[in-house]
Structures are given as structure tokens and as C-alpha cells.
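Trainee: Provided herewith is a single structure, encoded as C-alpha cells, for subsequent inquiry.
Every number here is computed from the coordinates shown, using simple stated rules; none is lab data. Just so it is clear, the structure is predicted and the values come from calculations on it, not from any experiment. Every residue, glycine among them, receives a Cβ derived from its backbone with ideal geometry; neighbour counts consider all protein chains shown.
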Amino acid sequence: MLNKEQIYQVIDFVVNQAVGYNVRVVVNSREEGLTRFANSEIHQNMFEDMTGVAITIQQGKKVSEIKTTRYDEEGLRLAVQETIDNLEFVPEGELELPLVESPEVLEVEEVNEELIDLFNIEERARLIKEGIDILDEGFKAFGALSYTMESFGYGNSKNVKRFASANTVKFSVLIDSDKGGSGYAEANSNLPDEIDITGSFTIAYDKAKMNQDPEQLEPGAYTVILEPLAVGEMVQYMAYMGFSAKSVQYKRSFLTGKLGELVLGKNITIIDDHTNEHTMTMPFDLEGYPRQKVMIIEDGVAKGLVYDTASAIKDGVETTGHSINMPGMGALPLHLTIVPGEESLQEIIANTEKGLLVTRFHYMNVVNPRQAILTALTRDGVFKIENGKLVGSVKNMRFTESMLDAFNNVETISSERQQVPSFRGTNYVPALKIKNFHFTGKTNV
């Protein structure tokens, strides 16, 4: 893995090889130690050290980009030359995008030293064994525990430099019963106090034990309590569908023409906040612009959108620093937080006369972005609530629902929140109790 000085050396070399052009360079260097387990046995220990370099060269409205994993001088020299040569064949774009010029330097290093020793290869194995040891016969554990250290560097031909580094732990566990039924839990954080491996095993194990002989319910509208993993998945797709300026400019967003209007329930506030300690700090985007904190939804009102350079020029505003360097996407919020409520998840369950507790979703897809309609299947635990108690499990079902309706029907928000990984970022979200949530299909499992 490259350190800051080495990353800057790569950037300087590339810029010097492309004198006379507008150049930007992004270097992503990461190392990961990963321990996987299946059938209650560790079956893989892996270590990966990977560095990638993205070189973008602009000539007027033409933009050429090459990505390479070679960062030796010869590899970089060849990549720069290929990027320049490709300019001849690249069509002109709609805009000539300026390079960021200030601040000249922006650096944030947030490596938590405790994580290094707490989650080395020996400790990962020990923690997994402790979790497996709590299982009775007839239950098997599957999952992965990883420790990752990652650094991003940015530089351009305007002598601008950026650097950010952080480390994080990701853990997932699925407990499966030989009688059928499973339970699932995750722990993802850069804060040691938030990572409880044995506790996550216990949560998944308890779900698996309860998830036996599930009842089949008919499709229809139900009161649901969505745990943070389920909420995080929905919010990520909402961001993809409609929180960027480009999605509004192209009129594919559910927020098109609705800025300043009440669109979600008044109890919903969604902020993209990279400064929150429970999200992964990334103070600049892949165009090098400083990342701004953006109030997207405030008390249900659509307040703001995230911008990259191109979408900002079109609207005559400043970029918010949310480019992910994907032209088709534009900008994307990577650090979404939902303001919590006052009741714990257990209190919300206890105060629910009749409903369903949902662990998480999978196979989520967009049905209609203008109406914010998503569909997905439940997974690894749907539990029936009667008179404030979990009384049994329910077979998996498919929901098809407008997020505009769902987030207008939120009755209660939990006080606890959980980090949920998203596309190159982390969202920090609570559980939500939602009325009239529509399930449109059923399964046999």
C-alpha cells in the first residue's frame, strides 16, 4: 500500500509527463485482510494490496481517461501516452470542465490505531471462533470479517493536492438451521466500540432460532418495522434514483420540480454528512472539489441536491463536491444520515399491536424512478408482531412500494442508528416503523 508521499510522487510524475494538458490524477491504494467462514469453519484467509491510478486528460471539450494498476514509472508513462493518443478519437463533450484550483492542499488522516491490533489475522480467527462456539448442534455459521486500510489521493496540473486515509472493519454473519430458516447480522464501523462480533453472532443466532416453521401471509398492506439494514438499502436506492442534480436536470428524479416542497413525512430529515464520525470521512470528491454537507430533506421538505462540476455549471451554482467520476451518474451522496427518533427499536416493537419486523432486503430494483418505486424480497428473517411481542416467523415476501408513500407513512423512528455500507461510502440510519407498506408477492420459503 502506498503512503501519502508515494501517492504524491505518482501524481507529480503523471502531471510532469503530460505538460501542456489539463490533467487530473486519482490514486486509490488499499490493503485488506479478509477471513471467510462457512459451515462453522474458517475456510479462507486472504490479504490483498491493491493500488489503482486513474488518469484524466482534458483538451478543450475532449476528455480522455485511462485506469491502470501499474504505478511504476514505465507503466505510468505508457498510460499517460495512451491517454493523450486517445484524445484524437474522443468526441467533444457538451462542456469544458474546469480543474479545481483551491484550496491548494486538503488532507485528512483518520486512521484508528486500535483497529490495527484488534482485527489482525489472529484476532479475526479468535473472534469468529468465539461466535461459532455459541451455536448449538444443527446450526451453521457463514460470513466474513475484514479489516481494510484505504488511502485516496488527488492531484492536477493546477498544483492542487488532496489526500485522505481511513481504516474500517466489516463483518457479516448468516446463521442457518438444518431445519430451515436463517438469521443475519452485520457490524461495520471505523469505531471499535461499535463492532461487537459475538453480539452480532447472537443477534443472527436468535433470529435463526425464531425463523422456524414460517407462516405464509397473503400479499397486502402491512405495518412494518424495517431494521437499519433494510432502511439503508432503500435509502441508497433513493439516492441513486433522485438525490443528484443530474437526475433532476434529466427529469428522471422523484424530486423533479419539487424542491422547496413537502415530499416526505415531516418527521424525516436526510443529510449527506461526511463529517459525521459514523460515516467514512472523504472530504473531497473525485474531481478534487471539497465535499459539502448537504441538507437533502429537512422535516420532509426537499431542500437540496448533490452536484458534480458538469451539473453545477448547468444550474449556475457551485459544485457540492459529490462527483464519483462516472459520467452517466454525475454526483452521488455517499454519507447519508437520517435524524433519529426517541424510541429504541425494542420500545417500537413493544408499542406495536400488529405488524412485521423485517431484517433486510435483497434483489432490490428500481421500478419507476419518477415515482420512487422500488421492489425487493425480504431475507433472513421476517417476524410477526402481536401485542408488542414477536410471536413467530413469516415466509419471505416481495414488496413493491413508492418511497414517497413509505416515507410519508413513517410512524416512528428509532433512537439507535447503524452504519450500513453503500456505494464507496457509509450511510448511518435508524429503524423505521411504516404503516401501509405494500407486499405484492409471496414465496414458499
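Trainee: Based on the mean of other beta carbon atoms within 10 Å per residue, what is the order of 86-94, 194-202, 252-260, 419-427, most packed first?
Mentor: Working: 86-94: 11.4, 194-202: 18.0, 252-260: 16.4, 419-427: 20.8.
Those peptides, ordered most packed to least, come out 419-427, 194-202, 252-260, 86-94.
Trainee: Inverting the mean 1/r over all pairs of different Cα atoms, compute the Kirkwood radius of region 91-250 and quote it in Å. Kindly include the intermediate steps, with their values, before the conclusion.
Mentor: Working: mean 1/r = 0.0501 Å⁻¹.
This gives a value of 20.0 Å.
Trainee: What list of ³J(HN,Hα) couplings, whole Hz, do you get for region 315-321 from phi and the Karplus terms 6.51, -1.76, 1.60, once you set θ to phi - 60° and write x for glycine and proline?
Mentor: After applying 6.51 cos²θ - 1.76 cosθ + 1.60, I find 8, x, 10, 8, 5, 8, x Hz.
Trainee: Need one word for region 4-208: rounded, prolate or oblate. Basis is the Cα gyration tensor (sqrt eigenvalues a ≥ b ≥ c); a/c below 1.5 gives rounded, then a/b vs b/c decides.
Mentor: prolate
Trainee: DSSP loop (so not H, G, I, E, B), at most 15 other Cβ within 10 Å: list which chymotrypsin sites (Phe, Trp or Tyr not before Pro) in region 1-78 pass both filters.
Mentor: For chymotrypsin sites (Phe, Trp or Tyr not before Pro) across region 1-78 that sit outside H, G, I, E and B with at most 15 neighbouring Cβ atoms in 10 Å, the list is empty.
Trainee: Another question, if that's okay. Suppose only helical runs count, i.e. DSSP H with n ≥ 4. What mean residue ellipticity at 222 nm does that imply for the chain under -39500 (n - 2.57) per run, divided by all residues and rounded to the nearest 500 deg cm²/dmol?
Mentor: Mean residue ellipticity, 222 nm, calculated: -6500 deg cm²/dmol.
Trainee: Still on this model: Please work out which option in (1) 27.8; (2) 21.7; (3) 41.0 gives mean projected area of the Cα convex hull in nm² calculated from these coordinates, and answer with its label.
Mentor: So the structure-derived entry is (2).
Trainee: Another question, if that's okay. Among VAL339, VAL410, VAL429, which comes first, second and so on when ranked by fewest other beta-carbon atoms within 10 Å?
Mentor: With the fewest neighbours first, VAL339, VAL410, VAL429 line up as VAL339, VAL410, VAL429.
Trainee: Let me ask something else. Check ILE373: other-chain or 5+ apart residues with amide H under 5 Å from its amide H, H built from backbone geometry?
Mentor: VAL367, ASN368, MET403
Trainee: What is region 152-257's relative contact order, in percent, from Cα pairs under 8 angstrom and six or more apart in sequence?
Mentor: Numbers: 117 pairs, mean separation 17.2, N = 106.
Once normalised by length, the contact order is 16 percent.
Trainee: Further question on the same structure: Can you compute 3J(HN,Hα) from phi for each residue in region 216-227, using the Karplus curve 6.51 cos²θ - 1.76 cosθ + 1.60 with θ = phi - 60°, rounded to whole Hz and x for Gly and Pro?
Mentor: Each residue of region 216-227 in turn: 9, 9, 7, x, x, 8, 10, 7, 10, 10, 8, 5 Hz.
Trainee: Please state the charge dipole magnitude for the chain, taken about the Cα centre, from unit charges on C-beta atoms (+1 on K and R, -1 on D and E), reported in debye and rounded to the nearest 20.
Mentor: Here the chain has a charge dipole of around 1600 debye.
Trainee: Right, another one. For the cross-link pairs LYS4/LYS67; LYS140/LYS442; LYS395/LYS442, which exceed 18 Å when the distance is taken from alpha carbon to alpha carbon? Working shown, then result.
Mentor: Working: LYS4/LYS67 20 Å; LYS140/LYS442 26 Å; LYS395/LYS442 7 Å.
Check vs 18 Å cut-off fails for LYS4/LYS67; LYS140/LYS442.
Trainee: For the charge dipole of the chain, defined by +1 on Lys and Arg C-beta atoms and -1 on Asp and Glu C-beta atoms about the Cα centroid, which residue among SER402, GLY93, ALA18 has the Cα displaced farthest towards the positive pole?
Mentor: Among SER402, GLY93, ALA18, the one farthest towards the positive end of the dipole of the chain is SER402.
Trainee: Right, another one. How many Å³ per residue does the convex hull of the Cα positions in region 210-344 occupy?
Mentor: Convex hull of Cα atoms, per residue: 161 Å³.
Trainee: Taking θ as phi - 60°, what are the ³J(HN,Hα) couplings along region 189-196 by the Karplus curve (6.51, -1.76, 1.60), each to the nearest whole Hz, with x for Gly and Pro?
Mentor: The phi angles translate into 5, 9, 10, x, 5, 9, 10, 10 Hz.
Trainee: Still on this structure, please answer the following. Ranking LYS389, LYS207, LYS4 by Cβ neighbours within 10 Å, fewest first, what do you get?
Mentor: Ranking LYS389, LYS207, LYS4 by Cβ neighbours within 10 Å, fewest first, gives LYS389, LYS4, LYS207.
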